[in-house]
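One structure below.
The values are calculated or read from the model by the stated rules, or taken from the named source; none is laboratory data. Everything numeric here is computed off the predicted structure, so don't read it as measured data. Heads up, the Cβs are rebuilt from the backbone with ideal geometry, glycines too, and the neighbour counts pull from every protein chain shown.
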Amino acid sequence: MRIIAGRNKGRKLAEPGRGDPAAHLRPTSDRVRESLFGVLTGGRVPLELQDTRVLDIFAGSGALGLEALSRGAAHVTFVETGRAALALLGRNITLCGAGAETEILRQDATRLSPNPGAPFDLIFMDPPYGKEMGEKALRAALSGGWVAEEAIVVWEEDGPPRVPAAFQMLDRRRFGGTTITVLRFVGASHPG
């Protein structure tokens, strides 16, 4: 696992190894991250990554958030509770020298507390597959004020998730057993 582009291009990240099987750690592969960021920065999605505030929910290794930071994002807040994932995430933040630009929230992503700061422009969600935790986490992020107007949400699942009415689907791609869905927050009044 490595950072694909930007100021930390080529930086090797700590691997989860076998780790804790109960942690369900499955970092997004380099190939999938490269394709995903090609979609995000290639004009298909209305997003300017430079100076973006990023929320990485179910952060795991932190590879998605750290890739965004390497490519010009201003700040990344990681949401994670797993012991093995938190240790891996901490190592990767240190490897990228990103301590000053990151924050780790040890919270259940499906029960996020109210956001004490500015909302986020780009949100990554990589929940445990098949447990419907992504929908709960997205509802919690919305109700807690974590999602900025026109925010882009990148949702990784084992199949296509049900798109909430407040979001417009921009792109969907399948990579083996992973489906990446890219959404834009358009507000509660959008018919879906």
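General observations
- Counted residues, segment 55-68 - those being within 21 Å of K12 (Cα to Cα) and not in a loop (DSSP other than H, G, I, E, B): 7
- When residues of segment 88-117 are limited to those that are among the charged types (D, E, K, R) and over 14 Å from I57 (Cβ atoms), the one nearest to the chain's Cα centre (by Cα): E101
- Taking segment 32-76 as the range and being on the phi > 0 side of the Ramachandran plot and either buried (at least 24 other Cβ atoms within 10 Å of the Cβ) or aliphatic (A, V, I, L, M) (or both) as the test, the residues that pass are G60, G62.
- For segment 98-139, filtered to residues that are basic (K, R) and in contact with a helix residue (DSSP H, G or I) (Cβ under 9 Å, 6 or more places away or on another chain), the residue that is farthest from P160 (Cα to Cα) is R106.
- Filtering segment 69-80 for residues that are under 22 Å from A140 (Cα atoms) and among the aromatic types (F, W, Y) leaves a non-empty set.
- Residues being part of a loop (DSSP other than H, G, I, E, B) and at pLDDT below 90 are represented in segment 33-43 by at least one member.
- Every residue from segment 35-89 that is hydroxyl-bearing (S, T, Y) and out of contact with any helix residue (DSSP H, G or I) (no Cβ under 9 Å at 6 or more places or on another chain): S35, T41, S70
To keep it simple, each residue is scored yes or no on (1) at pLDDT 95 or above; (2) β-branched (V, I, T).
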| residue | (1), (2) |
| --- | --- |
| E48 | no, no |
| I57 | yes, yes |
| A98 | yes, no |
| F120 | yes, no |
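- Strands (runs of 3 or more DSSP E) completely within segment 84-192 that count 1 or more residues being loosely packed, with under 15 Cβ neighbours inside 10 Å: 102-105, 147-157, 167-175
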